1. For region 101-241, which semi-axes, largest first and in whole Å, follow from the square roots of 5 times the eigenvalues of its Cα gyration tensor?
2. Can you grab the distance from the C-alpha centre of region 162-221 to the C-alpha centre of region 126-145, Å, no decimals?
3. Compute the orientation-averaged projected area for region 151-232 from the convex hull of its Cα atoms and round it to one decimal in nm².
4. I'd like the carbon and sulfur percentage of the solvent accessible area for region 111-241, probe radius 1.4 Å, heavy atoms only, ligands and nucleic acids excluded.
5. Quickly work out the GLN82-to-ALA130 label distance, labels modelled 7 Å from Cα along the C-beta direction, and quote it in nm with one decimal.
6. Taking region 187-241, which GluC sites (Glu not before Pro) meet the DSSP loop condition and have no more than 14 other C-beta atoms within 10 Å?
7. Can you compute the modelled spin-label distance between ARG176 and GLN137, with each label point 7 Å from Cα toward Cβ, in nm?
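The values are calculated or read from the model by the stated rules, or taken from the named source; none is laboratory data. Remember, predicted model here, so these are calculated numbers, not experimental data. Glycine also receives a Cβ, built like all others from the backbone with ideal geometry; neighbour counts cover every protein chain displayed. Note: areas computed on protein heavy atoms with side chains; ligands, DNA, RNA excluded. Shrake-Rupley method; radii C 1.70, N 1.55, O 1.52, S 1.80 Å.
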Amino acid sequence: MCDTGLVGHTSRRRWLAGIAASGCLTVGAAADEVTARAPCGQQPSTADLSPREAVDFLHAGNARFVAGKTAAPNRDIARLRQVAPKQTPFAAFLGCADSRVPVEIVFDQGFGDLFVTRIAGNVAATENIASLEFATQILGARVLYVLGHTACGAVAAAARAEPVPGQISALFQHIRPAVRAARGDVAAAVRENVRLQAQTLVEGSTVIAALVAAGKVVVAGGVFDLETGGVEPVTLEPPAR
Ligand SMILES: [Zn+2]
């Protein structure tokens, strides 16, 4: 559900027109060239993006990052002052706490754009679900994005199942179903973990399930590659109704 190309011609034209009107992005004739550079550090308003358009918008930002053509939008003091009275992030994230996966940088966004919860192994623990309910129901985020990453230490540790100090093992109960489904292969378990955590977000929250059923929120998933910087979308199961 998070593949690119989901945006219809009409809405894509509207989106592209908005980008062009901003005067910041150099947009080519083809829609796929929307990843072009935005040198002035701003981006068009995300207020009118549909949930699926918002997913495409995120992936376009990641494509800019991979290409070394980041716009680094909305990162100055003026933007902070703009959003200080009120936040309206267009996307919310359940990402891993790993220091190499800073979500705003990965997707080339800035202040006020993303509501990000991060926890080792990007697990859908109760408090994370609560935060993401707030992001969607109250703040109006239209995307719930579960972001795993290659070589995730939490997933690898859950696969090893060796004794660990303190409360680290509390994470494992959330990750073991993915490890079992992947038969211990860490790379496959990372992808499966994205799928299962996304499923838990929907099935574990009547608030999120209702927003998804109403078409107000899209749940998407991906795996960030620590070597390339790219995010590979993960196909999610249709949410349970
Ligand atoms: Zn990780």
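1. Computed over region 101-241, the values are 24, 17, 15 Å.
2. Spelled out, the Cα-based centre of one part sits 15 Å from the other.
3. Details: hull surface 26.2 nm².
Over every viewing direction, the Cα hull of region 151-232 projects on average to 6.6 nm².
4. Looking at region 111-241 in its full context, I get 53 percent from C and S.
5. It works out to 3.3 nm between the two label points.
6. Here the sparse-neighbourhood loop sites are GLU227.
7. The answer from the label model is 3.0 nm.
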